[in-house]
Amino acid sequence: MNTKLTLTIEQSVIEKAKKYAKEKERSLSNLIENYLKALTKESSSNEIELTPIVKSLKGSFTAPKNFDYKKELTNRLSEKYL
């Protein structure tokens with residue numbers, strides 16, 4: 001059952017939201033309803049459910065404390081593509 005809801009929102013935000021909804025070919029009401037559903041979705045955990053294989057690998061690798069993931073990734077990608 002749908003029920004009407006009145007909100008007070010800045011005019012500029014409303015205009016941007018209407019433009020976004022139009023670009024996505026959806027109604028503003030639909031966007032807001034889906035956003036509220038996502039916010040209030042009941043879940044036992046906010047974590048992504050892991051597959052059995054990933055669960056079995058979890059904790060099998062411990063990186064050094066000074067390990068810089070971004071730097072290492074940049075180096076590996078540079079070696080591969082440059």
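Tabulated results
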| item | result |
| --- | --- |
| Selection count, segment 14-34, where residues are open to solvent by 90 Å² or more (accessible area, probe 1.4 Å) and either of a type in the set (V, I, T) or touching a Phe, Trp or Tyr at 6+ places or on another chain (Cβ under 7 Å) (or both) | 0 |
| Qualifying position, being within 30 Å of M1 (Cα to Cα), open to solvent by 100 Å² or more (accessible area, probe 1.4 Å), charged (D, E, K, R) and part of a helix (DSSP H, G or I), among K37, K80, K55 | K37 |
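Residue-by-condition table, conditions (1) farther than 17 Å from L7 by Cβ; (2) among the hydroxyl-bearing types (S, T, Y); (3) modelled with pLDDT under 85:
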residue	(1), (2), (3)
A21	no, no, no
E25	yes, no, no
S44	yes, yes, yes
I48	yes, no, yes
E72	yes, no, no
N75	yes, no, no
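The values are calculated or read from the model by the stated rules, or taken from the named source; none is laboratory data. Please read all numbers here as calculations on a predicted model, not as lab measurements. A quick note on method: Cβ atoms are made from the backbone with ideal geometry, for glycine too, and the neighbour counts reach across all protein chains shown. We work out accessible area using only protein heavy atoms, side chains counted, and drop any ligands, DNA or RNA first. Shrake-Rupley method; radii C 1.70, N 1.55, O 1.52, S 1.80 Å.
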